Each structure stands twice: as C-alpha cells, then as structure tokens.
1. Cut-off is 10 Å between beta-carbons; in what order do Lys74, Lys2 appear when sorted fewest neighbours first?
2. Residues with beta-carbon under 12 Å from that of Pro88, excluding Pro88: net charge, scoring Lys, Arg +1 and Asp, Glu -1?
3. Between Gln141 and Ala69, take the C-beta separation as r, use R0 = 25 Å, and let me know the FRET efficiency to the nearest 0.05.
4. Counting only residues 5 or more places away or on other chains, whose amide H sits under 5 Å from the amide H of Phe82 once H atoms are built in the peptide plane?
5. Given a Förster distance of 35 Å, report the FRET efficiency between Leu58 and His80 from their Cβ-Cβ distance, rounded to the nearest 0.05.
6. Roughly how many nanometres apart are two label points built 7 Å out from the Cα toward the Cβ at Asp104 and Glu134?
7. With a Förster radius of 25 Å, plug the Cβ-Cβ distance of Ser92 and Arg126 into 1/(1 + (r/R0)^6) and report the FRET value to the nearest 0.05.
8. Using amide H atoms built 1.01 Å from N in the peptide plane, name the residues 5+ places from Thr162, or on other chains, whose amide H lies under 5 Å from its own.
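Coordinate-derived values only; no laboratory data. Since the structure is predicted, the reported quantities are computational estimates derived from the model, not experimental observations. A quick note on method: Cβ atoms are made from the backbone with ideal geometry, for glycine too, and the neighbour counts reach across all protein chains shown.
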Amino acid sequence: MKIVILGRQGSGKGTQSTRLVDHYGVVHISTGDMLRAAVAEGTELGREAKLIMDLGELVPDDVMNGIVAERLAKPDVVEHGFLLDGFPRTPSQADALQDILGDDGLDAAINLDVAVDEVTSRMVARGRADDTLEAISRRLQLYERETEPLLEWFERHGVLHTVDGVGDEDVVFGRLTGVLEPVLD
C-alpha cells in the first residue's frame, strides 16, 4: 500500500493516520520525522538539510526528494508500504515521488476534507498558545495556496479521493477504509 494523506491543520489527519497505520500495517512517514532521521543518521542529504534548517530556511525540493527516496528504499517501507504525511507539498515534489515509485506509483492520495470554519474551531478549542485566530488564518491560507495545485495534480493522475472528515472519529475512519478497500483489492 502506497498512500499520501492530505488535509488542513485540524482536520484530524494525525488521528486518522495513526488508525490507518494500525489497521493496514503500513509505515507512517511524516516529513518532520524523515528530516530528523536523516539528520540523526548523518547521511549526506541529512547533513545538507541540517545546514539549511539551521539557517531557518526551507529544505529545497532536490534535498527533500532525495531524503524521501532514501526513506522509501528502506526495508520496512519496501516490505509494508507507507502512508506519507507532509510530502509531497508541490506538484514538482509529486512528480519526483512518481519518479521514485516508478511504474507502480501511488495507490491513493486521500484528502481529508474539513471546512475552514470547522478546523478553525477545532484549533481554537485546543487552546495552544500559537493557535491565535490570526495565526490559524495565515496557516490555512498558506495551506490552500500550496495544496490546491497538488490536489489538481493528484486528480489528473487519477489517484485523488476526497473524504468527508467531519463527524465521529470512527465514522470518519469507516469512510477512509471504505474508499481505500476497493483501491487496494
């Protein structure tokens, strides 16, 4: 199983990712975890990423794509498949992911869809210091700007599945597995 999960902050993506990983036995791969692991392992790309991050810059696509390729080649992923969270973020990264995966490609890209007003309410209710309305609004606008072309990319490649992320956690999980089961057969 090779899946990408997308969703606005506050959509329940983290919760549902954990459930999907437990249910299907795939490896959960998040961008942050991948970067930290590459830095800790001291790989050439990890050292390069660390220098960039230490300067407060975003890791460029070529470095990020290399780190993803290294991670997807590891035995646990080869054996069990993956759920990618936080990558790709752009159509060019999606192209790179397609190149990394070769002919097999992705099984699915899941967009966990929750309306902006709902995710805003959820994030405000969390009560985190950095979850001011202004900060939430800024993050959501950035997400929309970055993600819209990516959703279009996945749609063009026939792997996008949008799932309603509103409702009870179990109900949302049922919707996700309902979309994934036919894809994985």
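1. Lys74, Lys2
2. Working: positive: Arg89; negative: Asp61, Asp85, Asp95, Asp99, Glu146.
Net charge around Pro88: -4.
3. Once the sixth-power term is evaluated, E becomes 0.25.
4. Lys2, Ile3, Val27
5. 0.75
6. Distance between label points: 4.8 nm.
7. In this case the efficiency is close to 0.15.
8. Those qualifying (amide H under 5 Å, at least 5 residues apart or on another chain) are Asn111.
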